[in-house]
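Everything on this sheet refers to the single structure shown next.
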Amino acid sequence: MERDFERVAIFGVGLIGGSLGLALKQSMPGIHVRGVGRVKARLELARQMGAVDDCSTRIEEALADRDLVILAMPVDGIVTSLEAIEGALSPGVLVTDVGSTKRWICDAAWRILPHSVEFIGGHPVAGREVAGVEHSLGSLFEGAPYVFCPRPGTNSPGLPRLVRLAEEIGARPFTLTPDEHDLAVAWISHLPQLIATALAVAVRDRRTDLSGSGLRDMLRLAGSSYPVWSSILETNRDLIDQSLAGFIGELEEVRRRLQAGSLAEEFEIAARVQRGIGSRP
């Protein structure tokens, strides 16, 4: 069977880029994956790990023969990279990204990149609390949502190809607009990160030496890197603010019900939500 992609470039080979490379190599034997970036040592480590077949710091040469280019940096790096790659792309190439927000990236890509290439925003909703290609896992995307954001109101010939790629690496593909994506992740990804961060700060001077698995589970996200999160927070600030306001309102209601001794309904609702999420692959 003919593959949708033969020659892939991953620009930015960190945790997500490296994991994508490993997943592609494991699920699509024979595909050629090239790592592209500015730090030769990181690229060489990715090659030694088997995440890429070869690597290059020369952007124009590295991208010229590719049929898929994946931009795998933090959000601000993805936006910056668009101008660096626009003159290096061959007509007909498909470009996507892995950024955790989509409005800024998609707007910039559709404005900057030439009309001879197609850009579809992408976000594999998977990760770890550690960064760097050395922590890459080929299994990282198994069962994880993978959101694609094609340009609204246009035919997107590349979308079915990316959907099949996501399925090949074990992910569950979804198609949303950039606005729909950013609203969803403000609640189900960015809000949990800030809750974990605020909770860690709140308990820092308490008897954490007495804590058990409950607090550790709650604080798992608190170990995340701010340099990775800073551009996410910047580019989705308005919708994250909405989610924070909604959560603060819920906390105030929990406090009111605690004082009244009537939190049974909240516990029942919470348990149903937890069971529903916990039952997913």
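Might you let me know whether segment 42-59 holds any residue that is closer than 22 Å to LEU159 by Cβ and over 16 Å from the mean Cα position of the chain (by Cα)? No, every residue in segment 42-59 fails to be closer than 22 Å to LEU159 by Cβ and over 16 Å from the mean Cα position of the chain (by Cα). Please work out which residue is nearest to ARG3 (Cα to Cα), limiting yourself to segment 167-218 and to residues that are of a type in the set (Val, Ile, Thr) and part of a helix (DSSP H, G or I). So the residue we want is VAL185. Taking the numbered list (1) over 18 Å from the mean Cα position of the chain (by Cα); (2) modelled with pLDDT of 95 or more; (3) under 28 Å from SER224 (Cβ atoms) in turn, TRP104 passes all entries but (1).
Within segment 154-166, the set of residues being assigned to a helix (DSSP H, G or I) and either surrounded by fewer than 16 Cβ atoms within 10 Å (Cβ to Cβ) or not assigned by TED's automatic domain parsing to the domain that holds ALA23 (or both) comprises PRO160, ARG164.
Looking at ASP205, ASP209, can you tell me which residue is closer than 28 Å to GLU250 by Cα and not assigned by TED's automatic domain parsing to the domain that holds GLY35?
Working: ASP209 fails: closer than 28 Å to GLU250 by Cα.
One residue alone meets the criteria, ASP205.
Taking ALA84 as the residue in question, decide whether it is hydrophobic (A, V, I, L, M, F, W, C), more than 19 Å from ALA144 (Cβ to Cβ) and either at pLDDT 95 or above or in contact with a strand residue (DSSP E or B) (Cβ under 9 Å, 6 or more places away or on another chain) (or both).
On the way: hydrophobic (A, V, I, L, M, F, W, C): yes; more than 19 Å from ALA144 (Cβ to Cβ): yes; either at pLDDT 95 or above or in contact with a strand residue (DSSP E or B) (Cβ under 9 Å, 6 or more places away or on another chain) (or both): yes.
Answer is yes for this residue.
Search segment 181-214 for residues being over 29 Å from TYR146 (Cα atoms) and among the acidic types (Asp, Glu), and hand back the single one that is surrounded by the most Cβ atoms within 10 Å (Cβ to Cβ). Checking each candidate, the answer is ASP205.
Out of everything in segment 224-249 that is surrounded by 13 or more Cβ atoms within 10 Å (Cβ to Cβ) and aromatic (Phe, Trp, Tyr), what residue ends up being modelled with the lowest pLDDT? By that ranking, first place goes to TRP229.
Among the residues of segment 1-40, the ones that are of a type in the set (S, T, N, Q) and either surrounded by fewer than 24 Cβ atoms within 10 Å (Cβ to Cβ) or not in a helix (DSSP H, G or I) (or both) come to 2 in all.
Scanning segment 62-79 for residues that are among the small types (Gly, Ala, Ser) and either in the same structural domain as GLU234 (by TED's automatic domain parsing) or surrounded by fewer than 21 Cβ atoms within 10 Å (Cβ to Cβ) (or both) yields ALA64, GLY77. The lone criterion from (1) surrounded by 10 or more Cβ atoms within 10 Å (Cβ to Cβ); (2) part of a helix (DSSP H, G or I) left unmet by SER262 is number (2).
State all residues of segment 87-124 that are over 19 Å from ARG7 (Cβ atoms), surrounded by 19 or more Cβ atoms within 10 Å (Cβ to Cβ) and β-branched (Val, Ile, Thr); if no residue qualifies, say none. Passing the criteria: THR101, ILE105.
The values are calculated or read from the model by the stated rules, or taken from the named source; none is laboratory data. Computed from a predicted model, the values in this text were never measured in an experiment. Cβ: placed from backbone, ideal geometry, glycine included. Neighbour counts: every protein chain shown.
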